[in-house]
Each structure stands twice: as C-alpha cells, then as structure tokens.
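First the structure, in the form of structure tokens, and then the observations on it.
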Amino acid sequence: MERLYRDYFYFHFYNLHNPTCRFGCYICYHVEGTQTHLPMPFEKGVFENQFYPKKRRHTELCFISWFRNQKKFLDEMLSPGERYRVTWYMSWSPCINCANAVIRFLEENENVDWRIFVARLYYSDSPEHRLGLRRLHQAGVQMNIMSSEEFEYCWETFVDHQGTPFFPWDDMDANYERLSMTLEDILQI
C-alpha cells in the first residue's frame, strides 16, 4: 500500500474551516467484508484526485471505479447476503456530483454500508453542496467530522511517518467542534 508523505498529510488534512491552496482531495480508505457476520478486512489504501496525463477526475470517482472492479471479484468470495463496509477518511467532504455518484453506487449495491469522516467541509456555505451532504446522509451514509482519534488512526495506518508520532495542531479540537456543529446543522435541515 502506498502511503502519504507526512507533509502531505499535515497540509491536506489540516482541519481549517476555509483553507487556501488546498486543491487536491485525498481519501484514506478501508474496505471490510463480513464472512459469516465476522469482520474481514479486504483492502486499505489512499486515493487522490487524478490529474495529468489523464483527464482530471475527483478522488471519489476514482475510488468508486476501482471498487466496482474489486467488488466483482470479492462478491465471488462472500456468501450470499454478506455485506461490505467502506470507510473513507477524506481531506474534503464530497461535492454534489461525487455525493450523487456514491448514492447511485449504493442504490445499485444494497450490500454496501458507507461511512465518511472528513477533515473539512467543501464549500459548506453552498446550498448545492449542503444538499449533497444531506442526500448522502438520507441514503444511509454515516457522515462525521474527523476527530483527533481519526487523525491519529490515519497517521498510523496511511502515512509514511517513519516512526514519528502524530503531533496534533493547536486548533485541532476547536476546529473539530466548529466543523461538527456546521455538519450537524447541514444534516438536520
């Protein structure tokens, strides 16, 4: 599994409300299945926006395309009625188009549960993007802001930290509280 550089993680996952120059999006993910109703880890890794030389593509769409191919293979290993759980740890919340793509995927694949932890909310003042997050929530996706626990998990699991411990930034908890209140407000409307 490829891991994020330490500096990339700190730069892209810093949970500022309105950061500048954060144009990329990263997804740290893990996929689990249940075999006879016991958790069975399948895959974990990191996705980022697709840039050059290929056509630009959002991270979420890259993951969904990859997972569709994996799921065909994995479905052969699972007993009928078994489920998958996808967990994303994202530097940005999904835009409306990516939210709709996840919803379509879930409608086509009823044996998949999805959880999303985000470091930041993408254009949280935009009615369109707020609607996308509400639709995800209504489709059964668990939506949360990343807390220090999730940041530390990502550090240990997805970052090439070379043995250095995770050092939280000074305003991590305050930013978490503010972003959590904003997300709660978005999801309740």
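Residue farthest toward the positive end of the dipole of segment 107-183, with Cβ of Lys/Arg at +1 and Asp/Glu at -1: which of 112, 151, 181? Looking along the dipole axis, the top candidate is 181. Both the radius of gyration and Dmax for the chain are 16.4, 48 Å, in that order, over alpha-carbon atoms. Within the chain, DSSP assigns beta bridges of which about 60% are antiparallel (rounded to the nearest 5). Rounded to the nearest 20 debye, the dipole magnitude of the chain is 780 debye, with +1 charges on Lys and Arg beta carbons, -1 on Asp and Glu beta carbons, and the Cα centre as origin. Taken per residue, the accessible surface of the chain reaches 55 Å², heavy atoms only and a 1.4 Å probe.
The values are calculated or read from the model by the stated rules, or taken from the named source; none is laboratory data. Quick caveat, the model's predicted, so the values are computed rather than measured. All Cβ positions, even for glycine, are placed from backbone atoms using ideal geometry, and neighbour counts span all protein chains on display. Side chains included, ligands, DNA and RNA excluded: accessible areas come from the protein's heavy atoms. Shrake-Rupley method; radii C 1.70, N 1.55, O 1.52, S 1.80 Å.
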